[in-house]
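Notes follow the structure.
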Amino acid sequence: MPARLFHYGVPPQRIRMFLILFALALTLPLLGIGIFALSRMAGLEQAETERRVMQAAQDIAADIDRELDRATVTLETLATSDALKRHDFRAFHAQAVLALKRTKAAIVLIDQSYQQIIDTLKEFGAELPPTADPETAKRVFASKQRQVSDLFRGSLSGRPVFNVEVPVLEGDTVPYVLIMSFQASHIADLLRSVRLDPPWITGVTDNKGVILARSERHEEFVGRPLPVELLAQSRAAQTVFRGTSVAGEQILRATVRSAIAGWLVSATVPVWYSDAPQRRSELFAAVLVGTALTLGAALAWIFASFMARPLTAATAAAEAVGKGEHVEPLFSPLAEANILTATLSAASLELKRRQAHSEFLMRELAHRAKNQLAVVKGMALQTAKQSGSVEEFVSRFNQRLDGLAQSQELMLRQNWQGAWINDLVRAHLELFGIRERTAIAGPPLFLAANAVQNLGYALHELATNASKHGALSMPGGRVEISWSGPDSDKKICLQWTERDGPSVPSPLRHGFGHLVLTRLVAQALEGTSQLEFCANGVRWELHFPSSHAINAPVTAEAHP
Amino acid sequence: MISLESAQHFGMKLWLGSKTPGGPDDPEQRRHIAVADAAALRVLIVEDEFYIALDIEALLAGLGHSTVGIAVSADQAVNICERERPDLVLMDIRLVGTRDGIDAAGEILARFGIRSVFITANTDPYTRHRAAAVNPIGFLEKPLAVQSLRAALNTLKGPT
């Protein structure tokens, strides 16, 4: 879980930071792919360059071999000429000159003492020195095979030259060696004739490690030995390799041996040239990374501010709600923040409403508490007035308080709006444990609080009297309590009728109970009451306006 | 202290006073005037809880004043005032019916020039503000203490 990170001391970050990280998460894999593709392309280009270097070396080696072959063919043809067989050197000289017509070479014939007999560079009969390269001739005499020399200085020209030498056979002996002597620049011309891009350099190094020809600055380098390290690398090379050229340049080089001469034929490109694709791809990658990161971060920053500002506002709204202030809904580009602040706004209103309601409830509670204390005070006073002793007072007062508590309890259950008349009657009868012998009948009526309290007082006085002195004080006595709904006068009528009670005079004939039942309750309910003393018990009737009944209490429980 | 006979007689007599108006020539009233600390007042109690009303009635009697009646609603209060013309009204603010005590006090003041003392358990400032508009003699808190009742009645008697 990423959330766990924050257990390790990473401080909480703004959403801006997460969006930037998100942008990086999206960008970095793409960048990775881009860089990989670039480097792969650069690698392919590099491989292609290496392949071309190798190809160039091979092509040039083949060209050189072809040139040497052509010389060999010319020489071998001349070697079999009749003039030579006849030792007619004058005629042979003329023949050789003819054969060379198109070639900037010289043809030389030497005998076994390496003395030049003819040299096409000189007129026939001119005095000639011995060959400057007897070693190759020696090999020809020995091998009776064609041989190609390394670079040496020509005995006549003094210029760097090389020879292609073939034996002149007379039976099994080799009396003469026929030589075609080329200037090294001939090979350089050949190298230059191959069209390559300017930085390319081709070159030929002979078997001794001396530079024989070079496509660039030939005259400067010809005859110079190849650097030892480069020579060793070239001789050992199977593939393209890196090294330092004779000119001191870092190069990529391929070397192929000439099949005929054994020379090292090389093609090189400067490392700066061969590495150009790599560097280009690195540059591209750097630009790509830089652009992507800058652009990504900038866009993330912009979009973050779309989100961050509304979120900051929503956070401030939440704080304001916490302080109990009112919050206005936000209209921002971020839908979630709008919903959040709208909810917070609604919550702040609701909080305010609840606070107002709770203040109202507190005032209401204070009002009721004080009012009830005043009621209790009055109740105590009235009870005291009718009590002959402290014991009697305590007993009566307790009962009245219990009765008051019953009415309160019922109203409390109905959110202090009132109570069902049925519940009220039952509650006051149950207080005396006299439910069994009572018959209760009447339509469901929900009485307002004032009526509940006052009717409760009356029911309390009646129930007290009935259980102590009336119908319920002896076995067989019964009480019928009935009420009717509003009549045509909009009056509710409640009747308390005791039956089969004792015929003794009721204490209700005088005293406070009498006052309650005849005057106080009726007066408080703006109604009328009638108390009768029949032979078998008390009969009480109360008429009061139906305005004391609420037909549909707001939060009343359904009446059973 | 608890005298059954006198207490019952006392309460009933005063209650019945609402039905049979007791003037200064009523012998019962005269007896109370004798123990009062100043001139006796004829008072209307407007209170829908009879236990409270009876308590106030007893307090008034103890101070030597007479009760001309107990009303439980605004309309009833106005009717009794019209008939009895009391010196002042002790007015509960919350009453049975649609009109409250402030409403009734306003009408009584306007029609009969009789001022009220509000006796209420209601301490909410808005109600107090409304009540102040009908020029009450004062406000008394429930449960009613005899000292504060005496003080309120003395302010009325003082200037006259």
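The values are calculated or read from the model by the stated rules, or taken from the named source; none is laboratory data. These numbers come from a predicted model, not from an experiment. We place every Cβ from the backbone using ideal geometry, glycine too, and count neighbours over all the protein chains shown.
Looking at (1) more than 13 Å from chain A (Cβ to nearest Cβ); (2) part of a helix (DSSP H, G or I); (3) under 21 Å from A:LEU525 (Cβ atoms), which is the one condition that is false for B:THR67?
Of (1) more than 13 Å from chain A (Cβ to nearest Cβ); (2) part of a helix (DSSP H, G or I); (3) under 21 Å from A:LEU525 (Cβ atoms), only one is false for B:THR67: (2).
Residues to consider are A:LEU508, A:LEU494; find the one that is among the hydrophobic types (A, V, I, L, M, F, W, C), surrounded by 18 or more Cβ atoms within 10 Å (Cβ to Cβ) and assigned to a helix (DSSP H, G or I).
A:LEU508
Which pairs turn up if I take residues in the range A:336-364 that are not assigned by TED's automatic domain parsing to the domain that holds A:ASN415 and look for partners that are of a type in the set (D, E, K, R) and surrounded by 15 or more Cβ atoms within 10 Å (Cβ to Cβ) with beta carbon separation below 6 Å, at least 6 apart in sequence or on another chain?
A:ARG363/B:ASP124
Listed residues A:VAL479, A:VAL538; which is more than 30 Å from B:LEU95 (Cα to Cα), touching a residue at least 60 places away in the same chain (Cβ under 8 Å) and not small (Gly, Ala, Ser)?
A:VAL538
Among the residues of the range B:95-118, what is the count of those that are at pLDDT below 90 and touching a strand residue (DSSP E or B) at 6+ places or on another chain (Cβ under 7 Å)?
Qualifying residue count, the range B:95-118: 3.
Which of the residues spanning the range A:381-412 are farther than 22 Å from A:ALA449 by Cβ and of a type in the set (A, V, I, L, M, F, W, C)?
A:LEU381, A:ALA384, A:VAL390, A:PHE393, A:VAL394, A:PHE397
Mind listing just one residue for me: the one in the range A:388-398 that is within 19 Å of A:LEU462 (Cβ to Cβ) and out of contact with any Ser or Thr (no Cβ under 6 Å at 6 or more places or on another chain) and, of those, nearest to the other protein chains (Cβ to nearest Cβ)?
A:SER395
Conditions (1) β-branched (Val, Ile, Thr); (2) without any contact (Cβ under 8 Å) to a residue 40 or more places away in the chain; (3) over 30 Å from A:ARG52 (Cα atoms); (4) crowded, with 19+ Cβ neighbours inside 10 Å, marked per residue:
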position: A:SER258; (1), (2), (3), (4): no, no, no, yes
position: A:GLY262; (1), (2), (3), (4): no, no, no, no
position: A:THR268; (1), (2), (3), (4): yes, no, no, yes
position: A:ALA276; (1), (2), (3), (4): no, yes, no, no
position: A:LEU283; (1), (2), (3), (4): no, yes, no, no
position: A:GLY296; (1), (2), (3), (4): no, no, yes, yes
position: A:ALA300; (1), (2), (3), (4): no, no, yes, yes
position: A:ALA318; (1), (2), (3), (4): no, yes, yes, no
position: A:HIS326; (1), (2), (3), (4): no, yes, yes, no
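Of a type in the set (S, T, N, Q), closer than 21 Å to A:VAL452 by Cα and in contact with a helix residue (DSSP H, G or I) (Cβ under 6 Å, 6 or more places away or on another chain): does that describe A:SER529?
yes
From A:LEU109, A:LEU169, A:LEU84, which residue is assigned to a strand (DSSP E or B) and more than 19 Å from A:PHE182 (Cβ to Cβ)?
Checking each option against the conditions leaves just A:LEU169.
Listed here are the residues, each with its yes/no results for (1) away from chain A (no Cβ under 14 Å); (2) within 21 Å of A:ALA449 (Cα to Cα); (3) part of a helix (DSSP H, G or I).
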| site | (1), (2), (3) |
| --- | --- |
| B:ASN79 | no, no, yes |
| B:ARG83 | yes, no, yes |
| B:VAL89 | yes, no, no |
| B:ARG94 | no, yes, no |
| B:ARG99 | no, yes, no |
| B:GLY106 | yes, no, yes |
| B:ARG111 | yes, no, yes |
| B:PHE118 | no, no, no |
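Given the conditions (1) part of a strand (DSSP E or B); (2) farther than 12 Å from A:ALA184 by Cα, report the number of the one that A:LEU212 does not fulfil.
Here A:LEU212 meets the rest and fails (2).
For A:VAL289, indicate whether it is over 18 Å from A:ARG214 (Cα atoms), surrounded by fewer than 18 Cβ atoms within 10 Å (Cβ to Cβ) and not small (Gly, Ala, Ser).
Answer is yes for this residue.
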